[in-house]
Amino acid sequence: MNLNSPAVVALIAAVVSVVGTLLTVRAAIRTNHNAAVQAQFQEIIKKRIEFYPKLWKIHIRYETNWTLDGLPKTREWAEQYLKELSEFNLEGGVFFSQPVYERFFALRRHLHEAVEVTRPGAEVSGELARAIRLSVYGGPGHGRGLANHVKDDLGSYQSASLVKDRGK
């Protein structure tokens, strides 16, 4: 076989051309996919910017201000806190990042428990009230709280990122 023959040269050129075209198409598909993903995440961040302050307001009312005002954390407090979180979740929950969702779920679980085990008019146990607070704000031995993750999602504690977390 003569590698200098016009047919062989044309065949090699055709193969190189096809491979080059396939690589170009693959790169274009990847670029378009990445652009679509970035656009989607930008929309999610816009929704988080809209909804997360509403969630923050609930925590400030039922945790921070309640504690600062020295108000008792009763069963009724837990019921109202849980009710507002559940109402918020109907619209805002779909925009949670996974870390926010996990802490939100833990907080609601603790509030449900407080409602179940606390008599009407009675105070929630200190241990359970602490677990509720730690779910929101985190602390030593507990890790980061819901509030930390909300701030992360909005870029307050870290650089805002529009790329998907790939298990890091």
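The values are calculated or read from the model by the stated rules, or taken from the named source; none is laboratory data. The model shown is predicted, which means the values in this text are computed figures rather than measured ones. Cβ: placed from backbone, ideal geometry, glycine included. Neighbour counts: every protein chain shown. SASA here: full protein model, heavy atoms, side chains in, ligands and nucleic acids out. Shrake-Rupley method; radii C 1.70, N 1.55, O 1.52, S 1.80 Å.
Specify the angular offset, from 0 to 90 degrees and rounded to the nearest 10, of the alpha carbon long axis of helix 6-59 from the longest principal axis of the alpha carbons in the chain.
10 degrees
Between V16 and V117, 0.36 nm times their residue separation minus their Cα-Cα distance comes to what?
Working: separation 101, 0.36 × 101 = 36.36 nm, distance 7.25 nm.
Result: 29.1 nm gained on full extension.
Per residue, how much accessible area does the chain have with a 1.4 Å probe, in Å²?
Working: 10910 Å² over 168 residues.
Using a 1.4 Å probe on heavy atoms only, each residue of the chain averages 65 Å².
So how tilted is helix 75-92 from the main axis of the chain? Cα-based, degrees 0 to 90, rounded to 10.
That helix lies at roughly 20 degrees to the long axis.
Okay, helix-only estimate at 222 nm for the chain: each DSSP H run of n ≥ 4 adds -39500 (n - 2.57), divide by all residues, round to 500 deg cm²/dmol; what do you get?
Values: 5 runs with 113 residues, N = 168.
Counting only the DSSP helices, I get -23500 deg cm²/dmol.
With angles folded into 0 to 90 degrees, how steeply does helix 126-137 sit against the dominant principal axis of the chain? Use alpha carbons for both and round to 10.
The answer is roughly 30 degrees.
Where the accessible area of the chain is counted over protein heavy atoms with a 1.4 Å probe, how much of it, in %, is carbon and sulfur?
Working: 6390 of 10910 Å².
Accessible surface attributable to carbon and sulfur in the chain totals 59 percent.
Take S86 and Q40, extend 7 Å from each Cα along the Cα→Cβ direction, and tell me the distance between the two endpoints in nm.
Label-label distance for S86 and Q40, simple model: 3.1 nm.
Name the long-range amide H neighbours of T74: under 5 Å, sequence gap of 5 or more, or other chain; modelled H, no Pro or chain starts.
Amide H neighbours of T74: V124.
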